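For reference, the structure discussed in these notes is given below.
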Amino acid sequence: MNNTVIRRFVFLVWVGFLLSAGPLHAQREKLPPEDVEFVEQKWPDAKRTYTGLRYVVLKAGQPDGPTPKAGSLVKVLYKGMLLNGTVFDQSPDAAHPLEARIGRSELIEGWDEAVQKMRRGDKWLLIVPPEMAYGIRGKPPTIPRSATLVFEMELVDFSQE
């Protein structure tokens, strides 16, 4: 009789765990409430990842090509903007892309995630929530506190190392 009670208890715990696991993987809105409506109106087709990063594919690159992995050295052309369109940084020109390693704290979290989903030649528009960019501190004087950032970025090349 004790074994039956224990088995039922274990079964109920497992059922409870399985039923509660679904919401753990749900997408959580990370954009500040004041930015959500603006972003959804301006980029209604933007896809949202489970982390809250949003993106729009502006140009598809190699459809069956590989994607960079953590540790890859990537070359990226980019233009970084605030939601109001103010440009705060950009690649000087196509001949001088930014070079950085993925997953080594050289890029903001939103870029680390996005670049690993991109293929060589892809050009995306990223909408990066503050906590996946520069957070509550911002990056004075060009990026204010808790700023949602928008990037046009193109993955020019990468090497798997």
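The values are calculated or read from the model by the stated rules, or taken from the named source; none is laboratory data. All values reported here derive from a predicted model rather than from experimental measurement. Cβ atoms come from the backbone with ideal geometry, glycine included; neighbour counts cover every protein chain shown. Calculation scope for accessible area: heavy atoms of the full protein, side chains included, ligands and nucleic acids excluded. Shrake-Rupley method; radii C 1.70, N 1.55, O 1.52, S 1.80 Å.
The figures follow:
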| item | result |
| --- | --- |
| Among residues of segment 130-161, those that are without any contact (Cβ under 8 Å) to a residue 60 or more places away in the chain, hydroxyl-bearing (Ser, Thr, Tyr) and either within 25 Å of PRO44 (Cα to Cα) or buried (at least 16 other Cβ atoms within 10 Å of the Cβ) (or both), counted | 1 |
| Residue identified as free of Cβ contacts under 8 Å to residues at least 40 places away in the same chain, within 30 Å of PRO33 (Cβ to Cβ) and among the β-branched types (Val, Ile, Thr) among VAL87, VAL57 | VAL87 |
| Strands (runs of 3 or more DSSP E) fully within segment 47-161 counting 3 or more residues that are among the hydrophobic types (A, V, I, L, M, F, W, C) | 54-59, 73-82, 123-128, 149-159 |
| Criterion violated by ALA21 - all others in (1) surrounded by fewer than 12 Cβ atoms within 10 Å (Cβ to Cβ); (2) assigned to a helix (DSSP H, G or I); (3) modelled with pLDDT of 90 or more satisfied | (3) |
| Some residue of segment 122-129 being of a type in the set (Lys, Arg), at negative phi and exposed (fewer than 15 other Cβ atoms within 10 Å of the Cβ) | no |
| Close pairs (7 angstrom Cβ cut-off, 6 or more residues apart or separate chains): touching a residue at least 60 places away in the same chain (Cβ under 8 Å) and of a type in the set (D, E, K, R) in segment 108-123, open to solvent by 30 Å² or more (accessible area, probe 1.4 Å) and part of a loop (DSSP other than H, G, I, E, B) anywhere | ASP122/ALA60 |
| Lone qualifier among GLY52, GLY65 - being modelled with pLDDT under 95, of a type in the set (Gly, Ala, Ser), open to solvent by less than 60 Å² (accessible area, probe 1.4 Å) and closer than 29 Å to ILE136 by Cβ | GLY52 |
| Pair list, Cβ < 6 Å and 6+ apart or interchain, from segment 29-40 residues that are closer than 16 Å to GLY135 by Cβ to residues that are open to solvent by less than 100 Å² (accessible area, probe 1.4 Å) and of a type in the set (Asp, Glu) | LYS30/GLU131 |
